[in-house]
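The values are calculated or read from the model by the stated rules, or taken from the named source; none is laboratory data. Remember, predicted model here, so these are calculated numbers, not experimental data. Heads up, the Cβs are rebuilt from the backbone with ideal geometry, glycines too, and the neighbour counts pull from every protein chain shown.
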Amino acid sequence: MADRTRAHVFVSGTVQGVYYRANTRDTAREKGVDGWVQNLDDGRVEAVFEGPNEAVDSMIEWCRTGSPAAEVDAVTAEREEPRGEDGFEIRY
């Protein structure tokens, strides 16, 4: 599984209440990326993407724009060892 990676991502800006999580889920599923996304109390969105390197890179890049109504200020991503995520879900 050397071609798989995991990224722990934080997105700040106007990213809550603009369907950011739903768009993230749908895009991750289209790209074959596993993981999850959730809102944080401080207004950021947190996500974990796990899958092929190229697909995870693509999701990180996608986060810089996000859903059509979002205004993204910053995206930080930290690489981690894959943990075997299966499917992609919105966490509440």
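Does V45 meet the test of being among the aliphatic types (A, V, I, L, M), in contact with a helix residue (DSSP H, G or I) (Cβ under 6 Å, 6 or more places away or on another chain) and either closer than 21 Å to Q16 by Cα or free of Cβ contacts under 8 Å to residues at least 12 places away in the same chain (or both)?
yes
How about segment 1-46: which of its residues are among the aliphatic types (A, V, I, L, M), more than 15 Å from G84 (Cα to Cα) and surrounded by 15 or more Cβ atoms within 10 Å (Cβ to Cβ)?
V9, V11, V15, V18, A28, V37, V45 - these are the residues of segment 1-46 that are among the aliphatic types (A, V, I, L, M), more than 15 Å from G84 (Cα to Cα) and surrounded by 15 or more Cβ atoms within 10 Å (Cβ to Cβ).
Among E61, E71, which is surrounded by fewer than 15 Cβ atoms within 10 Å (Cβ to Cβ) and under 12 Å from the mean Cα position of the chain (by Cα)?
Going through E61, E71 in turn, just one is surrounded by fewer than 15 Cβ atoms within 10 Å (Cβ to Cβ) and under 12 Å from the mean Cα position of the chain (by Cα): E61.
How many residues are hydroxyl-bearing (S, T, Y) and under 13 Å from V37 (Cα atoms) when one looks only at segment 61-76?
0
Among the residues of segment 28-57, what is the count of those that are in a helix (DSSP H, G or I) and in contact with a strand residue (DSSP E or B) (Cβ under 9 Å, 6 or more places away or on another chain)?
7
How many of the residues in segment 66-76 are among the polar types (S, T, N, Q), modelled with pLDDT of 95 or more and part of a loop (DSSP other than H, G, I, E, B)?
0
Of the residues in segment 74-92, how many are of a type in the set (V, I, T) and either over 14 Å from the mean Cα position of the chain (by Cα) or surrounded by fewer than 17 Cβ atoms within 10 Å (Cβ to Cβ) (or both)?
Quick first cut of segment 74-92, residues of a type in the set (V, I, T) only: 75-76, 90.
So of that shortlist, the ones also either over 14 Å from the mean Cα position of the chain (by Cα) or surrounded by fewer than 17 Cβ atoms within 10 Å (Cβ to Cβ) (or both) come out as 76, 90.
Within segment 74-92, residues that are of a type in the set (V, I, T) and either over 14 Å from the mean Cα position of the chain (by Cα) or surrounded by fewer than 17 Cβ atoms within 10 Å (Cβ to Cβ) (or both) number 2.
From the set of residues in segment 77-92 that are touching a residue at least 60 places away in the same chain (Cβ under 8 Å) and assigned to a loop (DSSP other than H, G, I, E, B), which is nearest to N39 (Cα to Cα)? First the steps, then the outcome.
Just the residues of segment 77-92 that are touching a residue at least 60 places away in the same chain (Cβ under 8 Å), to begin with: 77-83, 85, 88-90.
So of that shortlist, the ones also assigned to a loop (DSSP other than H, G, I, E, B) come out as 81-83, 85.
Details: E81: 23, P82: 22, R83: 21, E85: 19 Å.
Only one residue tops the list, namely E85.
Yes or no, residue by residue, for (1) out of contact with any Gly (no Cβ under 9 Å at 6 or more places or on another chain); (2) closer than 17 Å to R91 by Cβ; (3) among the aliphatic types (A, V, I, L, M); (4) modelled with pLDDT of 95 or more:
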{"residue": "V37", "(1), (2), (3), (4)": "yes, yes, yes, yes"}
{"residue": "D42", "(1), (2), (3), (4)": "yes, yes, no, yes"}
{"residue": "E50", "(1), (2), (3), (4)": "no, yes, no, yes"}
{"residue": "A55", "(1), (2), (3), (4)": "no, no, yes, yes"}
{"residue": "I60", "(1), (2), (3), (4)": "yes, no, yes, yes"}
